[in-house]
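Q: Sharing a structure here in structure tokens format.
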Amino acid sequence: MGCCGSTQKTREWKPLEQRKCTDIPWLLLFILFNIGMLCICGFAIATGAASRLISGYDSYGNTCGQKNGRIPGIELSGRDHGSRKYVFFLDPCNIDILRRKIKSVALCVSKCPDAELKTYQDLTRFSTVNGSDLCSYDVKPEEYSSHPNKSTKCPILPVHPSASLPVFHRCMPVDISCYAKFAEAFVTFVSDNSVVHRVIAGVMTSKEIIMGLCLLALVLSLILMVVIRYISVVLVWILTAVVVVGSIGGTGILWWLYVDHSKSVNGTLPALELEVAKDNQKALLIYAIAATVFTVILLLLMFFMRKRVALTIALFHVAGKVFTHLPLLALQPFWTFLTLMLFWVYWITVLLFLGSAGSPVQNNQTGLVEFRMDGPLQYMVWYHAVGLIWISEFILACQQMTVAGAVVTYYFTRDKSQMPFTPIVSSVLRLMRYHLGTVVKGAFIITLVEIPRLILTYIHSQLKGRESACARCMLKACICCLWCLEKCLTYLNMNAYTATAINSTNFCTSARDAFFILAENALRVAAINSVGDFVLFLGKVLIVSWAFAGILSLNYQREYTVWVLPLIIVCVFAFLVAHCFLSIFEIVVDVLFLCFAVDTKYNDGSPGREYYMDKSLMEFVENTRRATERYSKVEGESREMKSMTGGTLA
């Protein structure tokens, strides 16, 4: 069997020993894949798609700003547009929301109209003065007013003032009210244009407050990562109280409702109402019993896991120390976000190139030319889509490996003064030199699960309302299973990267070793993932709650009373920022736990096998050891008493 299917026992871990390159074949495969991505970009540029996208083209297949070849069957194709560098739409406000494009005849013109043109005489005058014809090429300027097809071959009046977009030579109306209907449909407002204008005006009026509150959320997220170790105990007790009170209270309410309904069920009710009342009584009984069983199981789990909650608190305490020693960890979300943004911009640009790289085809209904992708181009789009998922997952995996490498260095360095000057930079260099193949393989595994999930999600959205109930249920079940599998693999990948950072082993060996360690500490993992995730969730709520302070600030903006949208913007931004930073904190906690599990497995604190862990974790280990010794002593005494009692009776 391959390494991923190996069932042999985990071997001894050797932290921070000699480094070696891992998963080199996967790195070579990834390089070849990216060469293919670049070839697709080069193909799109070589076939003129880039020039069509940037310079624009008219509805007859002519690219603006250059001389064009004739397209068979298209009468107005093959024109010399060297002096006509801008695309002008006869009806720029007619937007097809579903297809995300302007449904209008497009022409190449030499100048965009910079003033409103209300009549056809104004169109003729503009053409005569500027040499820019705004009607179809087969209509002369002097025929604008008298042409029988002027309603379809000339722009919709009045023609709004327009300007060329930067880089993309499209004449777009300067007044955004042109798109009021589109904006209303998009944000599901009814028919009141004033609502849109009030909202936009309100956002612009309160932009200083919005920016200030967003900056406050950013600062609070940074502060929270450092101070959360001091408030984690309080948050854990809040969690415990909420769970206990909520479960017991909810169960009690269900039993009270059941008793109350039982009193109301009597023979005086009409037959139909009596039957409904009995059904409600049975349903409440089932709910109450299920809630009771759930509450008992939950309370038992909390009782048996109460000692392991102390480990979560200790890990949070150490994670806060990690951020004080490695402050550059806080910048990881910035670099990851920036890298993802740059890649996504490149990906979207190439996709737009591919959308313009098809063959010119005449639409049978409109008679206009469209560029459609067929044959190999369709496979290029699929290849490009896979690249989006794989490379995005690769970038996220690089962040995880970088954080894991820095935290592992911090944990397994006994003398913190001997650490590298910048552990984050050292971790990045180790990643680039030794472990790129490992993160490539981990990202590819996630991609293999994510692609079918996205395909099934797309099929479900397309068949919505047309498929049978059974098919809909099966689709949702498959999507849910793939989503759960993706989350499990993501968690295992994170621990595999940590194992690679510790032992410098390949992905499969690291994943196997990490899995065995996690399986041996299953209850601790459950405690950390449940309690720790809830504590981090409360941290996100704490940061978002500060956004509601904006109500007080916006209250002083008397000229603007609609403050809902600015508040939503601040809350969403605050949550995203908190999620990004606390996700890094969560990664640090997971890495510390695996390091702690390895440390306690192979070290016992004796000479020659000293612990690497922090004092907080050392106190947890000592408390656990003393509790175990007391339990063993009490158990031994009870056995001795039983043997003595048995001997006396004999």
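Q: State whether the range 248-407 is rounded, prolate or oblate according to the following rule on the C-alpha gyration tensor (a ≥ b ≥ c being the square roots of its eigenvalues): a/c under 1.5 gives rounded; otherwise a/b larger than b/c gives prolate, and the remaining case gives oblate.
A: Here the range 248-407 falls in the oblate category.
Q: Which FRET efficiency value, to the nearest 0.05, is calculated for Asp91 and Leu38 with the Förster distance at 41 angstrom and r the Cβ-Cβ distance?
A: Rounded to the nearest 0.05, the efficiency is 0.60.
Q: Carbon and sulfur: what percent of the range 276-375's accessible surface (1.4 Å probe)?
A: That share works out to 73 percent.
Q: Distance cut-off 23 Å, Cα to Cα: go down the list Lys20/Lys441; Lys111/Lys140; Lys487/Lys601; Lys464/Lys540; Lys118/Lys153; Lys20/Lys321 and report the pairs above it.
A: Check vs 23 Å cut-off fails for Lys487/Lys601; Lys464/Lys540; Lys20/Lys321.
Q: At 1.4 Å probe radius, can you tell me the per residue accessible area of the range 299-408 in Å²?
A: 48 Å²
Q: Scan around Tyr57 for amide H atoms under 5 Å from its own, H built in the peptide plane at 1.01 Å from N, and keep only partners 5 or more places away or cross-chain.
A: The answer is Cys64.
Q: Then there is this: In whole Å, largest first, what are the principal axis extents of the Cα atoms in the range 350-504?
A: The Cα atoms of the range 350-504 stretch 76, 41, 19 Å along the principal axes, largest first.
Q: Between Leu157 and Asp279, what is the spin-label point distance in nm, taking each point 7 Å from the Cα along the Cα→C-beta axis?
A: Placing both labels 7 Å beyond Cα along the Cβ direction yields 6.6 nm.
Q: A further question follows. Between Ile455 and Asp260, what is the label-point separation in nm under the 7 Å Cα-to-beta-carbon projection?
A: According to this spin-label approximation, the distance is 5.2 nm.
Q: Tally Lys/Arg at +1 and Asp/Glu at -1 over every other residue whose Cβ is under 10 Å from the Cβ of Gly532; what's the total?
A: Net of charged neighbours comes to -3.
Q: Could you check the simple spin-label distance between Met341 and Ser145, using points 7 Å along Cα→Cβ, in nm with one decimal?
A: 5.3 nm
Q: May I ask you to derive the FRET efficiency for Thr240 and Cys470 from their Cβ-Cβ distance with R0 = 51 Å, giving the value to the nearest 0.05?
A: The pair Thr240/Cys470 has a calculated efficiency of 0.75.
The values are calculated or read from the model by the stated rules, or taken from the named source; none is laboratory data. Nothing here was measured: the structure is a model prediction, and the numbers come from that model. Glycine also receives a Cβ, built like all others from the backbone with ideal geometry; neighbour counts cover every protein chain displayed. The protein model used for the area step is the full one, side chains on, heavy atoms only, and it has no ligands, DNA or RNA in it. Shrake-Rupley method; radii C 1.70, N 1.55, O 1.52, S 1.80 Å.
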